[in-house]
Ligand SMILES: [Zn+2]
């Protein structure tokens, strides 16, 4: 009698809910006012527990990019994220703008934030996301050298992780030449799939979108990826101090329900998705 081996069924689409828990790390570096700091504090105080409760209820594993300052200032959050089975990844220390720092300064921050995750989890982090998605010319060389397996700060693709090229050269007289692909994987991101520019006021935008607008964009991406990118990855970026507000949590719940209603959609941590590719 022949034994039959069931075929491995891969998800049609994986959705990664990712959370950048900036809290007050950038505010204290900038010397923000007590009011702005309190806006950041809403994240660890209200947003994080609210999000973790939703993820537990929906049985969704996720990835958290947490600045070292947040990790150490809000240890209850850190413990709760890990207790929920979520991935912890790096996001600077004081949410620095890496494009404004020299190589030595960037390396020091990377090493310090890796050690903070190692202290929390017992293992080095696999992922890095640049604060503000701001990279200097050598930042990703340093990220690779610091032992990271993936970055999540670039936008050259949408539903497919790709290998980061290092050593691209651009000239106004001789055009562009592209460097070789490196071992560093890229999990591409998008402003459209980030809660912050939709909901938070900024220098060049009003923010404060109605959730009905944002859910239309996010589910539009969800359905397109499900139809056209089999085996792909849809990465959503959120901030606890932003998405944690009630009307936005209701939108996130709706987005999760829309995703679960599609055949073959799963939610996963970024490290788990990348390990299965
Ligand atoms: Zn951030």
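Does residue 99 fit the bill of being within 27 Å of residue 161 (Cα to Cα), outside any loop (DSSP other than H, G, I, E, B) and more than 20 Å from the chain's Cα centre (by Cα)? In short, no. When residue 234 is tested against the conditions (1) within 16 Å of the ligand (Cβ to nearest atom); (2) part of a strand (DSSP E or B), the lone failure is (1).
Residues are listed down the side, and each one gets a yes or a no for (1) within 16 Å of the ligand (Cβ to nearest atom); (2) under 19 Å from the mean Cα position of the chain (by Cα); (3) loosely packed, with under 12 Cβ neighbours inside 10 Å:
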residue	(1), (2), (3)
130	yes, yes, no
138	no, no, no
141	no, no, no
153	yes, yes, no
163	no, yes, no
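Filtering the stretch 108-121 to residues that are buried (at least 18 other Cβ atoms within 10 Å of the Cβ), away from the ligand (no atom under 16 Å from the Cβ) and free of Cβ contacts under 8 Å to residues at least 40 places away in the same chain leaves only 114.
Number of residues in the stretch 172-221 that are assigned to a loop (DSSP other than H, G, I, E, B), touching a strand residue (DSSP E or B) at 6+ places or on another chain (Cβ under 6 Å) and under 22 Å from residue 240 (Cβ atoms) equals 2. Residues that are over 17 Å from the mean Cα position of the chain (by Cα), within 16 Å of the ligand (Cβ to nearest atom) and either in a helix (DSSP H, G or I) or within 18 Å of residue 196 (Cβ to Cβ) (or both) are absent from the stretch 57-67 altogether. Residues that are out of contact with any helix residue (DSSP H, G or I) (no Cβ under 6 Å at 6 or more places or on another chain) and part of a strand (DSSP E or B) within the stretch 151-171 comprise 162, 163, 165, 169, 170, 171, listed in sequence order.
For the residues 157, 194, 151, the requirement of being modelled with pLDDT of 95 or more and farther than 21 Å from residue 67 by Cα singles out 157.
Of the residues screened, residue 95 is one that is surrounded by 21 or more Cβ atoms within 10 Å (Cβ to Cβ), within 14 Å of the ligand (Cβ to nearest atom), touching a residue at least 12 places away in the same chain (Cβ under 8 Å) and over 21 Å from residue 268 (Cβ atoms). Here the stretch 5-54 is the region considered, the condition is being under 21 Å from residue 133 (Cβ atoms), away from the ligand (no atom under 14 Å from the Cβ) and free of Cβ contacts under 8 Å to residues at least 12 places away in the same chain, and the residue that is nearest to the chain's Cα centre (by Cα) is 36. The residue that is surrounded by the fewest Cβ atoms within 10 Å (Cβ to Cβ), counting only those in the stretch 82-92 that are more than 12 Å from the ligand (Cβ to nearest atom) and under 15 Å from residue 71 (Cα atoms), is 83. Applying the set (1) modelled with pLDDT of 95 or more; (2) touching a helix residue (DSSP H, G or I) at 6+ places or on another chain (Cβ under 9 Å) to residue 208 leaves exactly one unmet item: (1).
The values are calculated or read from the model by the stated rules, or taken from the named source; none is laboratory data. None of the values given here were measured: they were computed from a predicted structure. Every residue, glycine among them, receives a Cβ derived from its backbone with ideal geometry; neighbour counts consider all protein chains shown.
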